[in-house]
Amino acid sequence: MTEPTLAPYANGPKVSWLQTLKIYAEPASLRMLSLGFSAGLPLLLVFGTLSFWLREAGIDRTTIGFLSWVGLAYGFKWVWSPLVDRMPIPLLTAALGRRRSWLLLSQAVIMVALVCMAMTDPQAALAPVVWCAVAVAFASATQDIALDAFRIESADVQHQAALAATYQTGYRLAMIWSGAGALWIAARAEVPAAVAGVAAPYQHGPWQIAYVVMALSMLPGVLTVLMSREPVAAPIAPSKGIRQWLQGALVAPFADFLQRYRWQAGLILALIATYRISDVVMGIMANPFYVDMGFSKDEVAAVTKVYGVIMTLAGAFIGGALALRMGVMRVLMLGAALSAATNLLFAWLSTRGHDVSALIWVVSADNLASGIASSAFIAYLSSLTNVQYSATQYALFSSMMLLLPKFVAGFSGKYVDAFGYADFFSTTALLGLPVLLLVWLASRVQRKEKSPPDVA
């Protein structure tokens with residue numbers, strides 16, 4: 001048996017551009033578009049959109065900040081990923097299969113919890129809204145686990161970059177809908193204060209309508225799961241007792257990774273833990289920066305929440321196409337370099353004042369780079385998993401990539417207060433330099449292992 005490589009398809013096959021683009025019209029890619037929409041929809045409904053709703057309802061900012069801890073479900077989803085990877089759901093798994101049954105269950109919980117959130121007025125009772133948000137977050141993280149496994153098992157490694165690109169497309173479209181779309185629905189459903197007979201501007205009814213519509217927006221993903229075929233997964237041997245089950249579900253996936261990559265495992269994990277650090281740390285201070293620079297809500301929404309997302313989608317497709325032609329490791333290096341470099345554009349923007357044209361150019365470049373980097377990174381993570389433990393291993397990887405950046409990002413506000421925005425953005429760019437070194441080392445190890453042995 002040959003030793004594994006860090007990226008088994010560093011040099012993609014030579015195909016025409018027409019063949020490259022046709023991959024996005026294949027059934028597997030279209031399924032990922034719909035399922036990516038289902039994955040991206042809940043995120044803002046328990047973060048940005050929910051924060052807007054709670055603040056409008058008069059909830060204090062400190063409480064809203066504490067409620068952001070709901071998102072820890074996404075960072076620690078690897079804890080229960082072995083259950084999703086191996087535990088059958090009574091009746092559902094027999095009818096739909098291992099992956100589709102978990103997808104359908106998590107989607108159902110998301111829909112029910114969103115409707116329950118809609119029916120509860122946080123101004124009258126905050127606790128039920130919080131518990132419903134927790135349910136949405138855990139079900140959404142569970143959907144991510146099952147969906148990552150479904151995607152990895154649905155196509156060979158050569159197609160993973162394209163599936164990642166269409167997945168990101170659906171995900172980003174859902175974020176536009178659950179962010180700008182939910183606010184638009186709530187605004188259109190408001191009753192004028194004189195007609196409503198209330199003095200306060202807050203109205204619960206519009207938010208009810210918005211969140212019910214968001215719950216119904218999960219239906220395309222539900223239909224996609226029901227109409228899809230269960231991917232062919234590695235068979236799981238029956239366990240003899242709880243100890244053997246725990247061994248197979250909890251220990252084996254991590255032992256398998258260490259056994260396959262040996263000393264390379266440390267290099268891989270370091271790369272995973274730091275690849276998005278410059279983007280994540282910078283992103284925490286992006287919105288305060290826009291406010292301090294005098295940009296209005298409409299300007300920020302139009303440029304960063306809609307136009308910026310479109311540029312991210314463009315970057316995702318470019319990254320997926322380039323990965324097919326150039327190989328994932330080269331695009332991984334390109335994405336890391338661009339992500340760090342575009343942070344320097346924000347340092348330049350901090351010297352421009354209220355300049356909407358400059359904001360458009362900077363946000364365009366930053367989101368395009370982010371899309372390229374994300375597409376290549378998802379494909380790289382997919383290539384590292386063993387299909388027998390795809391849900392558990394991918395959940396671990398995708399959780400690891402956020403834990404260190406999120407921890408470091410917690411200090412970003414103090415850094416800006418001490419040194420200013422220009423110095424902060426320049427420093428976040430420097431955080432990307434070790435990432436370039438790690439990608440280079442990973443590429444060298446891959447090339448060394450693929451090279452033919454010396455003949456005496």
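The values are calculated or read from the model by the stated rules, or taken from the named source; none is laboratory data. All values derive from a computational prediction rather than experimental measurement. As a convention, Cβ positions derive from the backbone with ideal geometry for all residues, glycine included, and neighbour counts pool all protein chains shown.
Values computed for the structure shown
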{"quantity": "Test: Leu104 is assigned to a helix (DSSP H, G or I), touching a residue at least 40 places away in the same chain (Cβ under 8 Å) and within 19 Å of the chain's Cα centre (by Cα)", "calculated": "no"}
{"quantity": "All positions within the range 282-306 that are touching a helix residue (DSSP H, G or I) at 6+ places or on another chain (Cβ under 7 Å), at pLDDT below 80 and part of a helix (DSSP H, G or I)", "calculated": "Ile284, Phe289, Tyr290, Glu299, Val300, Ala301, Val303, Thr304, Lys305, Val306"}
{"quantity": "Selection status of Val455, modelled with pLDDT under 80, assigned to a loop (DSSP other than H, G, I, E, B) and either surrounded by fewer than 16 Cβ atoms within 10 Å (Cβ to Cβ) or assigned by TED's automatic domain parsing to the domain that holds Gly283 (or both)", "calculated": "yes"}
{"quantity": "Residue match in the range 93-116 (condition: surrounded by fewer than 18 Cβ atoms within 10 Å (Cβ to Cβ), closer than 21 Å to Gln393 by Cβ and not acidic (Asp, Glu))", "calculated": "yes"}
{"quantity": "Complete set of residues in the range 205-235 that are crowded, with 16+ Cβ neighbours inside 10 Å and at pLDDT below 75", "calculated": "Ala233"}
{"quantity": "Any helices (runs of 4 or more DSSP H) falling wholly within the range 310-422 and containing at least 3 residues that are at pLDDT below 85 and not hydroxyl-bearing (Ser, Thr, Tyr)", "calculated": "356-384, 390-409, 412-419"}
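Results for (1) in contact with a Gly (Cβ under 8 Å, 6 or more places away or on another chain); (2) assigned to a helix (DSSP H, G or I); (3) at pLDDT 80 or above, shown as yes or no for each residue.
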residue	(1), (2), (3)
His159	no, yes, no
Ala186	no, yes, yes
Ala199	no, no, no
Pro253	no, yes, no
